[in-house]
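Data first, discussion second: the structure below is written as structure tokens.
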Amino acid sequence: MTSLPSLSKHWDSHLHTPLCGHAQGTPREYAQAALDAGLAGLCFTDHMPMPAWYDAPWRMRLDQLAEYVDTVREVQAEFAGRLEVRLGLEADFHPGTERFVSQVLNAHAWDYVIGSVHYLGAWGFDNPEYVAEYGDRDLGQLYRDYYALVAGAARTGLFDSIGHLDLPKKFGHRDPEQGAALHALDVVAEAGLALDFNTAGWRKPVAEAYPSPGLTRAAAERGIPFVLGSDAHTPGEVGFRFTDALRQIQDAGGRVVTYAGRVRHA
Ligand SMILES: [Zn+2]
Ligand SMILES: [Zn+2]
């Protein structure tokens, strides 16, 4: 048996705040939860502002961005010396919005930026309200379209990692093929990005982290590192099942990294 590393060297780098409109608890409560869980630090990555027409109810507005930065800076100061607190964003990749996104990314000194695909055209495919749409789709085509967007996100050069790699499986609709996912991983490796190892999947109907064990191994084989993230939308979810996450990554021969100032750290 190999022993598992303790959580004391690890970070939770996918966390939200109430500014996105669908998370509970104050940022300082998330930080306290990370401290209580024995983590080394956390990086807030709330849903970034996007053009007003895109997914507006599920994210902060552009005029709230400064408040987000100030709030994280306050928590940083309050926990200094006890817990490292970093400032990040979960960005969306949606073709046509790249210029807007790059302007937001240039507006502040972010530590870490996740690039996530949440929409196929106008369909927010991870929204439980629109899950019936899966019944009208060809799953193979759905995943080919999705992974083409993931590869596009990796190629933009805007992001440090890809968020929740195999997200369309959330409600149990698994990829019937493998080729598109593996091709996307080739592009992610080539572009030098990491993957968000996202434990929220263990809280969803699919009951599996993002990425799956098979894709975790395929990523590790390509030298792609992982950034641990709970995708917490409430303080109780901070560090969710990180021991299981570390085991899955270790079994796949993968490694864990963090980002500070948009630079990767072992
Ligand atoms: Zn969210
Ligand atoms: Zn997301």
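Taking every alpha-carbon pair within the stretch 159-211, the share separated by more than 19 Å comes to 29 percent. How would the stretch 190-266 be classified by its alpha-carbon gyration tensor: rounded, prolate or oblate, with rounded meaning a/c under 1.5 and the a/b versus b/c comparison settling the rest? Because a/c hits 1.5 or more and a/b fails to exceed b/c, the stretch 190-266 counts as oblate.
Which value, in debye to the nearest 20, describes the size of the charge dipole of the stretch 70-149 about its Cα centre when Lys and Arg Cβ atoms bear +1, Asp and Glu Cβ atoms bear -1, and nothing else is charged?
Working: 6 positive and 14 negative charges, 52 e Å.
With only Lys, Arg, Asp and Glu charged at Cβ, the dipole is about 260 debye.
Toward the positive end of the charge dipole of the chain, with +1 on the Cβ of Lys and Arg and -1 on the Cβ of Asp and Glu, the farthest Cα among 172, 113, 80 is that of 80. What the Cα convex hull of the chain gives, in volume per residue, is 117 Å³.
When +1 charges are put on Lys and Arg Cβ atoms and -1 charges on Asp and Glu Cβ atoms, the dipole computed for the chain relative to its Cα centre reaches about 520 debye. A 1.4 Å probe run over the stretch 173-266, with the rest of the protein chains in place, finds 40 Å² accessible per residue.
When +1 charges are put on Lys and Arg Cβ atoms and -1 charges on Asp and Glu Cβ atoms, the dipole computed for the stretch 1-97 relative to its Cα centre reaches about 220 debye. Computed from the C-beta positions of residue 107 and residue 263 and an R0 of 25 Å, the FRET efficiency is 0.85 to the nearest 0.05.
Taking trypsin sites (Lys or Arg not before Pro) as exposed when their DSSP state is a loop state and no more than 16 other Cβ atoms lie within 10 Å, the longest site-free interval of the chain runs over 1-60.
DSSP beta bridges in the chain, what fraction antiparallel, as a percent rounded to 5? If you can, show how the numbers build up before the last one.
Values: 6 of 31 bridges.
Antiparallel: roughly 20 percent of the beta bridges in the chain.
Beyond 24 Å, how much of the Cα-Cα pair distribution for the stretch 93-240 remains, as a whole percent? When all Cα pairs of the stretch 93-240 are counted, 29 percent exceed 24 Å.
If you restrict to DSSP beta bridges whose two residues both lie in the stretch 22-168, what percentage is antiparallel, to the nearest 5? Provide the component values of the computation, followed by the final result.
Working: 2 of 16 bridges.
Antiparallel: roughly 10 percent of the beta bridges in the stretch 22-168.
When the accessible area of the chain is split by element with a 1.4 Å probe, what percent falls to carbon and sulfur? Write out the running numbers ahead of the final one.
Details: 5600 of 10980 Å².
The C+S portion of the solvent-accessible surface of the chain is 51 percent.
The values are calculated or read from the model by the stated rules, or taken from the named source; none is laboratory data. Since the structure is predicted, the reported quantities are computational estimates derived from the model, not experimental observations. With ideal geometry, Cβ positions are generated from the backbone for all residues, glycine too; neighbour counts draw on all protein chains shown. With ligands, DNA and RNA removed, areas are computed over all heavy atoms of the protein, side chains included. Shrake-Rupley method; radii C 1.70, N 1.55, O 1.52, S 1.80 Å.
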